[in-house]
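Notes follow once the structure below has been shown.
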Amino acid sequence: MASKTMLRVAAITGFGLALASCQDEMQSTLGPGKATRALKPEVLALMQEKGMRKEDPILVRAFKQEKQLEIWKRDKTGRYALLKSYPLCTTGGGPGPKIKEGDKQSPEGFYTVTPGRMNPNSQYHLSYDVGYPNAFDRAWGRTGAAIMVHGGCTASAGCFIGTNEQIEEIYGLAREAFAGGQKSFQVQAYPFRMTAENLAKNRRSPNMAFWKNIKQGYDHFEVTKLEPKVDVCEKRYVFDAQPKDPNSTTFNPSGACPTFEVPSDITTRVAAKQVEDDKAFKVAAAELDDADRKETERLVAEKLEKSKPPQKPAGTAVATWFGGGAEETAVAVAATPIAVPVPRASPLTVTTRMALVDEAASTEASFADRFLSFGAFSGNAAPAAQPAPVAEAASPAKPVAVPVPASRPEPQAATLSTASMPAAAPASPAPAAEAPLWKRLNPFGG
């Protein structure tokens, strides 16, 4: 009788979900079949290995970004332990809570599943409704309905979707927990695993304040492995809150929170975890900021490089006209050292000049002698010049070899010697045949 009543409730609930996000309509034929199929032997063996019974309570955690659904089950210690993790086919949207109907986002937060939310005749094999919107969502005015965990491995409009085999096993674990006396099980839906690194990656999200709020519940479960008591007041979640005033035990989702306290052992352990998480968050955020800065600098440098005008190849205009490449042009304009010989005086010129100087000196001496002699004959006789002493023969000068350019034959080195020079003679009239130097050099004669 009870089973028939449950099926009728499920049918009524299913029809009410026709316009829901996942459109999980009831099938026309109602029957036990897959909804009552026994758990597989390997699942029972795993529970036994971990000190669990099939009728022990369960707790579900879902991670949207990782696309994973975990089933935690209470063991013989009275705490929850991870039984199994299921890789989902897909979840709705990205990190961030569901806000309104049709946004195709899977919700984030803490939800409750009761037996009446189980749908054994889902068009997606099997399903259960997570309970969106809850008191928190309603306080924020969020809309939508019928967010399901179901099979079919189809595209998601906000639901958590697995394979038919997965959802059948999950459905069976919930069924056995209800049969064992659990009134409802908690679903904790997170955008991602609430680690410091994941929070640092999403540190600029407008949802950060909300995520820090639900992380408190995440931390309560992590340190206690007990299902946290969840309440909502002042439009935020509070966990394991115990009102101090016995007459004020109601939490108003939109109103002020009553005065409450959290058991000290939980507060101490959660606070210690959060200190460590905060340190890890700062380190991860600093590393990400540094990586972002370097990437920004790289992009700016790349943009500046692209904005520069194209460089013309180095070289002369002539090389450019004839299509000379950069390498050829560089060779063409390279400076080539040229050894320029320094002009050298010709040895013949030196010899001629020296001979002319000697001859001019000798001629001047002869002219002076003749002039004095002419004065004696004209009646203006000057005292007779004393005979000049015979010049001593000077030692012959060493020959001077003048270098000659290699391009012409080397002439004989001129040898200058004082022995070849005319010695000074006594003052006497010059021979009649000897003409002055200026006459000999005069090209016109006379």
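Listed values, structure above:
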item: Test: Leu126 is within 19 Å of Arg175 (Cβ to Cβ), touching a residue at least 60 places away in the same chain (Cβ under 8 Å), of a type in the set (A, V, I, L, M, F, W, C) and surrounded by fewer than 23 Cβ atoms within 10 Å (Cβ to Cβ); result: no
item: Subset of the range 189-211 that is outside any helix (DSSP H, G or I), in contact with a helix residue (DSSP H, G or I) (Cβ under 7 Å, 6 or more places away or on another chain) and open to solvent by less than 10 Å² (accessible area, probe 1.4 Å) - its residue that is nearest to Ala284 (Cα to Cα); result: Met194
item: Output for the range 148-169, where each listed residue is of a type in the set (Val, Ile, Thr) and surrounded by 22 or more Cβ atoms within 10 Å (Cβ to Cβ); result: Val149, Ile161, Ile167
item: Of all residues in the range 72-93 being small (Gly, Ala, Ser) and under 28 Å from Thr154 (Cα atoms), the one that is surrounded by the most Cβ atoms within 10 Å (Cβ to Cβ); result: Gly92
item: Matching residues, the range 137-179, being part of a helix (DSSP H, G or I) and under 17 Å from Asp103 (Cβ atoms); result: Asp137, Arg138
item: Residue in the range 231-255 that is farthest from Ala189 (Cα to Cα), counting only those that are in a loop (DSSP other than H, G, I, E, B) and basic (Lys, Arg); result: Lys244
item: Test: residue in the range 135-144 that is under 26 Å from Gly181 (Cβ atoms), at pLDDT 95 or above, crowded, with 24+ Cβ neighbours inside 10 Å and not acidic (Asp, Glu); result: no
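Condition check ((1) open to solvent by 60 Å² or more (accessible area, probe 1.4 Å); (2) part of a helix (DSSP H, G or I); (3) at pLDDT 60 or above) across all residues:
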{"position": "Cys257", "(1), (2), (3)": "no, no, yes"}
{"position": "Thr268", "(1), (2), (3)": "yes, yes, yes"}
{"position": "Ala271", "(1), (2), (3)": "no, yes, yes"}
{"position": "Ala291", "(1), (2), (3)": "no, yes, yes"}
{"position": "Leu299", "(1), (2), (3)": "yes, yes, yes"}
{"position": "Ile338", "(1), (2), (3)": "yes, no, no"}
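The values are calculated or read from the model by the stated rules, or taken from the named source; none is laboratory data. If you're wondering where the values come from, they're calculated on a predicted model, not measured in any experiment. We place every Cβ from the backbone using ideal geometry, glycine too, and count neighbours over all the protein chains shown. For the accessible areas, the whole protein counts, side chains as well, though only heavy atoms, and no ligand, DNA or RNA atoms are used. Shrake-Rupley method; radii C 1.70, N 1.55, O 1.52, S 1.80 Å.
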